[in-house]
1. With a 10 Å cut-off between alpha carbons and a GNM built on the chain, which of 152, 59, 195 moves the most?
2. Kindly write out, for region 261-269 in residue order, the coupling ³J(HN,Hα) from the Karplus curve 6.51 cos²θ - 1.76 cosθ + 1.60 (θ = phi - 60°), rounded to whole Hz, with x marking Gly and Pro.
3. Quick one: grab Rg to one decimal and Dmax as a whole number for region 5-154, Cα atoms only, in Å.
4. For a quick check, take a GNM of the chain with Cα springs below 10 Å and name the residue from 137, 185, 87 with the largest mean-square fluctuation.
5. How about region 46-130: which trypsin sites (Lys or Arg not before Pro) there lie in a loop by DSSP and see at most 15 other Cβ atoms within 10 Å?
6. Find the relative contact order for region 5-154 and round it to a whole percent, using C-alpha pairs within less than 8 Å whose residues are 6+ positions apart.
7. Rounded to a whole number, what is D in µm²/s for the chain from Stokes-Einstein with the Kirkwood radius over alpha-carbon pairs (25 °C, 0.890 mPa s)?
8. Under a point spin-label approximation (7 Å from Cα along Cα-to-Cβ), what is the residue 94-residue 125 distance to one decimal in nm?
Amino acid sequence: MPASQFIIQRSSIDGVQAVAACSRHAFARHTHDQYGIGVMRQGAQVSHSGRGQVQAGPGYVITVNPGEVHDGAPIGGGVRAWQMLYLNPDVVADAASDLEGGGRLHYEFELPARDQPGLARDVLALYAHAVAGAAPLACDTLLRRVLVQAGGPHGGRPGPETCRGAPGAIRHARGLIDDDPAAALSLADLAAASGLSRYQVLRAFARATGLTPHAYQMQRRLLLARQLIRQGLPLADAAVLGGFSDQSHMTRLFVRAYGVSPGRYALAAGGA
């Protein structure tokens, strides 16, 4: 694969997206609304995660939980390549529900980067199964084996719809953004929803989410734009409906966060 390429491959597993990437791009802090698990195939990177700064070299398994703020930059400025599976939360919830002691508790990947060859082999095998259209039984078996090795259910942890450690007041403010990411909200609106002063909500929101309210709103808008683009909407329409001032504004933030332009993302998603 040449440098700076992102390929969204057709996946035979419902609710699972397969992405092969090769890039020297330094990703800005962003979030996903899916679980992500993959393997570094070449090079190395350093990234901020929900558990601090971590490094991942060739063969490392890399993971991200829904809503977890993270970034990523190549070590030494070189190109690194990886293969990633993005799983919808309902897919993980269903697969994890029959894990020992799991019930319907919230599942969580435990480590953002780990050198675990057995898990890496299973992740790559699941990726290969997904893009090759393997039998459902084989895919289901591998998915559960991956989930057992990579994390587990956490009854005391909130799901992706709530912020880890966020007080109730901030959940109200966050919910106001989540309900309509494109809305023109002010800090006063968030303060009113949370029952705090504007200064209090600003400090508490950043402490609870790792992002300022504005940065969090931009992340939600980017996720909405990605969804609209995957649905086939023109880029200009996705920008307007996503709450961006114009298409160029969406493009600048999209490239910073994901390392690929909305146009290239639309072409890749169209073949998935």
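Every number in this text was worked out from the coordinates using simple rules, so none of it is lab data. Everything numeric here is computed off the predicted structure, so don't read it as measured data. In this analysis, Cβ positions are derived from the backbone assuming ideal geometry, glycine residues included, and neighbour counts consider all displayed protein chains.
1. Its mean-square fluctuation being the largest, the pick is 195.
2. Values, residue by residue: 6, x, x, 5, 5, 5, 5, 5, 5 Hz.
3. Final numbers for Rg and Dmax: 14.5, 44 Å.
4. 137
5. Within region 46-130, the qualifying trypsin sites (Lys or Arg not before Pro) (loop, at most 15 other Cβ atoms within 10 Å) are 51, 104.
6. 28 percent.
7. 127 µm²/s
8. With each label placed 7 Å out from Cα toward Cβ, I get 2.2 nm.
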